[in-house]
Each structure stands twice: as structure tokens, then as C-alpha cells.
Amino acid sequence: MKILVIGSGGREHALLWKLSQSPKVTQLFVAPGNAGTAAVATNVQIGATEVARLVEFAIKETVDLTIVGPDNAIAVGVIDAFREKGLKVFGPTKAAGQIESSKSFAKEIMQAASVPTAKYQTFADYGTAWLYVQRQNLPIVVKADGLALGKGVFVCHTLEEAGNALQKLIPQGTVVIEEFLEGNEVSIHAICDEKSFVLFPPSRDHKTIGENSTGPNTGGMGVIAPVETPGTGLGVIANQIVAPVLATLKGSATFTGCLYPGLKMTKTGPYVLEFNARFGDPETEVYMRLLKTDLVDLIMAAVDNKLSTLSVEWHSGFVVDVVLAAEGYPGEYRRGDAIEGVQQASDIKGVVIFHGGTQSSGSDLITSGGRVLHITALGDTLQRALDTAYKAVALIHFQGMQYRRDIGVSELRAHRFSLI
Ligand code: AMP
Ligand code: GLY
């Protein structure tokens, strides 16, 4: 099979890495890819939202299957365009993808499906939003209604912070203001066809740039999997969150692809913070290492509406991802710095490195994005996986490199005896 992956981050590198292990694959393309993907696939210089050129390429190269990574590609209707031409493609239509691209649409669906989520209101002008914020408890959460690469959410601990967030977001469009939910975060991935879905093991992303949930939110600075969902089995999440939302979307916006609810495990059970309509990044980097089943079989089963006949298998143990980010990220960040030590770090047993924002410059590897590298490690315990990952991190260097040293630490503390 010839497979095309759309996107250019660590998520796409991880998908390609896993696809490259399938005996069913004859050729892999990625549009546009990065320096890391070039080692496992052919990088094609077409951007993720250049819909017409992507379709044209898939037809010309007789691509058998396309997997779409990023949210913005889904939001501009890449899946719809591929389907119109009769091409096999994994992901939701633009209409179904609104569950991610419009927070107000997601909230309406959750309300209709009776899915627990934070109380909220939507505002289009600063004056009314500011009056509302002043009457609420702190902390309070201010979000851009549309896509913002994980960076349009401000958890505000003071009124001043809330005012600043509103001043930043209101000129860009509608904002959603919602109550702050307390609890551990969990990422859920449901692979969905038109009739059924399968759940991946729960994982945990670490969203803020700083340790201990400090500093602004990023696209994600590190992931551990699997994690427990105390008091709530996966069955509850399937029956009370995923299934009702899929049922509500059925019809004009039937969802297929990867539905990824971000949850908060509150004292009163799981609440949905947001829905994503795609694979998580960096969750995918971890999932692809844990997944035992051939990814081609899984994706083809979803595309052909045969998921209910597939049993998905996972490796035992734990996988972690520590993200190495460029100086300045998640704001304006440095680019063009030489990266050293990737080969030595990759040689450590249990380590696989996925590239995010990297580029080749002659024989050198240089930084070209905010999240530069994903250092993933497998271990039979969480502690061992983390030790291995951080050993690899210590061998890598680029100017201004930032990473969190506390990935998985709260989970280790909570389960001191079972995971070490
Ligand atoms: P979102 O893109 O909506 O998932 O928000 C990004 C991150 O902001 C989440 O992963 C949480 O860490 C935080 N966040 C968003 N909404 C809330 C909320 N209502 N309560 C607490 N934290 C939140
Ligand atoms: N892990 C965060 C995201 O993919 O949105």
C-alpha cells in the first residue's frame, strides 16, 4: 500500500515510524514532513492546508490511504475533498471537526449529549465579558472560540490576568469563559468509524511550559501512558462521554477518525475540557510505541467501518515523551540553532526520538519549530521509562533548549509503590 500522512510534527513522525513497520506498506509519503520524517518516508513539499495540491498528489501517485494529522487541515476540509474524489482517508469531515474547531459548537453538542463539562458563557465584546468575569470566582478560564494550537487558553488566577487574556483574545473573535475545574488531566483517544469505536489506554499530557503547572499553556510538553483513571473505568468514559457525543453528531456531522476528549478527573467524576478531532501531539508519539497491532490494520478497519471486528493489542509497560522546545516557546521562539547528540541519545536502549520542528541544513540538523524533539522511552515501570528518557535528554543540546523535568512526577508520587 502507498500511504500519505499529512502534517509536519512529532505526531506525524510517530505515525510514519509505526506505519514503516507494517509489511503491508510499500511506500510512505508525508506532506510536508520534517528532517526526521525524511528517514522513514518521502517528504513532499505541499503544505497541510493546500487541499487541491494534496488531492492532486494523491491521485497522481495512486495513494491508497491518507491519514490527516493537524487540526487546521481538518478545519479547511481536506477530508471532504479527498472523499469527494473517492480517495480513502482517515479523519473527520469539516462539519464533524467543528467539535474541535469551534468551542461553542462543542459545548452545544455536550449539552445535547448530557456530557459533564465546565459551566461557560460565550462573549463577543470586551465590556460584557469583563463585567461577567468580575462576578465569577477565581481562577477562571478564558478561551479563544476557534483553533489556536493549544495556545488560546488562559487559566487566570487574578482579575488582571483575566483582563489581559480578554484584551488579547477579543480582537481575534469570540471567547468562551468557563469555570475552573480541579483534578488530574487525562487524554482519551477513541478511534471511530461510522458504527463503533475503540479506546486507546488513557494518557496524561503536561500542558504548561513551566513545571508544576506554571506558566502559559503550550501544545504539550510531555506525556506518560498508560495512566489510571481512579474511580472511573474506561467503560464509564466510553458510555458516558464518547458514545453519547458520537450519537449526537450522527447525521449531518457523523464523526469518523480520532476523537480525543481532554478530561479532568474531578471529585464528582470525569468532565470534558475540550474535544479534539485528531490524534494528540505528543500523545501519539507515546501511543505509537505502545501499540502492538499493525497501524495499517487499525486505520483500514476504521476507514472500512470494520472496527468492531478488530481487537487492538498493546505492549506492556510504560512509555513517556519528554518534549525539547526552542527558547521562547510558546511565544516567539529561536530558530536555526544546531542540534547535537541526537544519534547518541537514540542509541540508548528503549529510546526512540521523534522530530517536531527540525530541518536539515547540509549535514547538520537545525531547529525550525517550537517543539523541536520528542524523546520517547519505554520501560517496564514508569520510573524506568522516565529515567531512560531523561538519560537521553542529557545527551542532547541546542541553544536555549527548554524542557520540563517533572514529567510523570505527580503520577509517581500518587502511586509510589505500584509504579517504581
Ligand atoms: P483546552 O485546549 O480547552 O483543553 O485547554 C488547554 C488546557 O487548559 C487544558 O489541558 C487544561 O490544562 C487547561 N484548562 C482548560 N479548561 C480548563 C478548565 N475549565 N479548568 C481547568 N483547566 C482548564
Ligand atoms: N496534546 C495536546 C493536543 O494535541 O492538543
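For segment 36-86, the candidate set comprises residues that are under 24 Å from Asn276 (Cα atoms) and among the charged types (D, E, K, R); within that set, the residue that is surrounded by the fewest Cβ atoms within 10 Å (Cβ to Cβ) is Glu84.
Within segment 360-375, take every residue that is among the polar types (S, T, N, Q) and open to solvent by 10 Å² or more (accessible area, probe 1.4 Å) and give me the one that is farthest from Val44 (Cα to Cα). Spell out how you get there, then give the answer.
Step one: filter segment 360-375 for residues among the polar types (S, T, N, Q), giving 360-361, 363, 367-368.
Subsequent filtering for residues that are open to solvent by 10 Å² or more (accessible area, probe 1.4 Å) retains 360-361, 363, 368.
Values: Ser360: 15, Ser361: 17, Ser363: 20, Ser368: 17 Å.
Top of the filtered list is Ser363.
Number of residues in segment 1-43 that are among the polar types (S, T, N, Q) and within 17 Å of the chain's Cα centre (by Cα): the value is 1.
Are there any pairs, at least 6 apart or on different chains, whose C-beta atoms fall under 9 Å, with the first in segment 1-28 and without any contact (Cβ under 8 Å) to a residue 40 or more places away in the chain and the second among the polar types (S, T, N, Q) and part of a helix (DSSP H, G or I), and if so, which? Correct list of pairs: Leu16/Thr37; Leu28/Thr37.
Evaluating Asn239 against the criteria (1) away from ligand 1 (no atom under 16 Å from the Cβ); (2) closer than 24 Å to Thr66 by Cβ leaves one unmet condition, (2).
Considering segment 193-216, and only residues there that are within 12 Å of ligand 1 (Cβ to nearest atom) and closer than 24 Å to Thr229 by Cβ, the residue that is surrounded by the fewest Cβ atoms within 10 Å (Cβ to Cβ) turns out to be Ser213. Scanning segment 329-359 for residues that are surrounded by 14 or more Cβ atoms within 10 Å (Cβ to Cβ), over 19 Å from the mean Cα position of the chain (by Cα) and of a type in the set (Gly, Ala, Ser) yields Gly341, Ala345, Ser346, Gly350.
Using the structure shown, decide if Phe318 is within 16 Å of ligand 1 (Cβ to nearest atom), modelled with pLDDT of 95 or more and crowded, with 21+ Cβ neighbours inside 10 Å. Break it down into steps so the answer makes sense when it comes.
Working: within 16 Å of ligand 1 (Cβ to nearest atom): no; modelled with pLDDT of 95 or more: yes; crowded, with 21+ Cβ neighbours inside 10 Å: yes.
Against the criterion (within 16 Å of ligand 1 (Cβ to nearest atom), modelled with pLDDT of 95 or more and crowded, with 21+ Cβ neighbours inside 10 Å), Phe318 does not qualify.
Residue by residue through segment 141-161, note down the ones that are under 21 Å from Phe275 (Cβ atoms), touching a residue at least 12 places away in the same chain (Cβ under 8 Å) and of a type outside the set (D, E, K, R). Matches in segment 141-161: Val141, Val142, Ala144, Gly146, Leu147, Leu149, Gly150, Gly152, Val153, Phe154, Val155. Restricting attention to segment 262-296, the residues that are closer than 19 Å to Phe197 by Cβ, near ligand 1 (Cβ under 10 Å from one of its atoms) and of a type in the set (S, T, N, Q) total 1. Annotation note: Cβ proximity below 8 Å between a residue of segment 116-139 that is under 12 Å from Glu178 (Cβ atoms) and aromatic (Phe, Trp, Tyr) and a residue that is more than 16 Å from ligand 2 (Cβ to nearest atom) and open to solvent by 50 Å² or more (accessible area, probe 1.4 Å) (sequence gap 6+ or interchain) occurs for Tyr120/Glu179; Phe123/Thr174; Tyr132/Gln121. Note on segment 133-164: residues that are in a loop (DSSP other than H, G, I, E, B), among the aliphatic types (A, V, I, L, M) and more than 21 Å from Ile209 (Cα to Cα) amount to 1. Among the residues of segment 225-237, are any within 18 Å of Ser316 (Cα to Cα), open to solvent by 20 Å² or more (accessible area, probe 1.4 Å) and at pLDDT 95 or above? Checking segment 225-237: at least one residue is within 18 Å of Ser316 (Cα to Cα), open to solvent by 20 Å² or more (accessible area, probe 1.4 Å) and at pLDDT 95 or above. Within segment 244-267, being open to solvent by 20 Å² or more (accessible area, probe 1.4 Å) and in contact (Cβ under 8 Å) with a residue 12 or more places away in the chain holds for Pro244, Leu246, Ala247, Thr248, Ser252, Thr254, Lys264, Met265, Thr266, Lys267.
The values are calculated or read from the model by the stated rules, or taken from the named source; none is laboratory data. Every value quoted in this text rests on a predicted model; they were computed, and no experiment measured them. All Cβ positions, glycine included, derive from the backbone under ideal geometry; neighbour counts span all protein chains shown. Just so you know, the surface numbers come from the protein's heavy atoms only, side chains and all, with ligands and any DNA or RNA stripped out. Shrake-Rupley method; radii C 1.70, N 1.55, O 1.52, S 1.80 Å.
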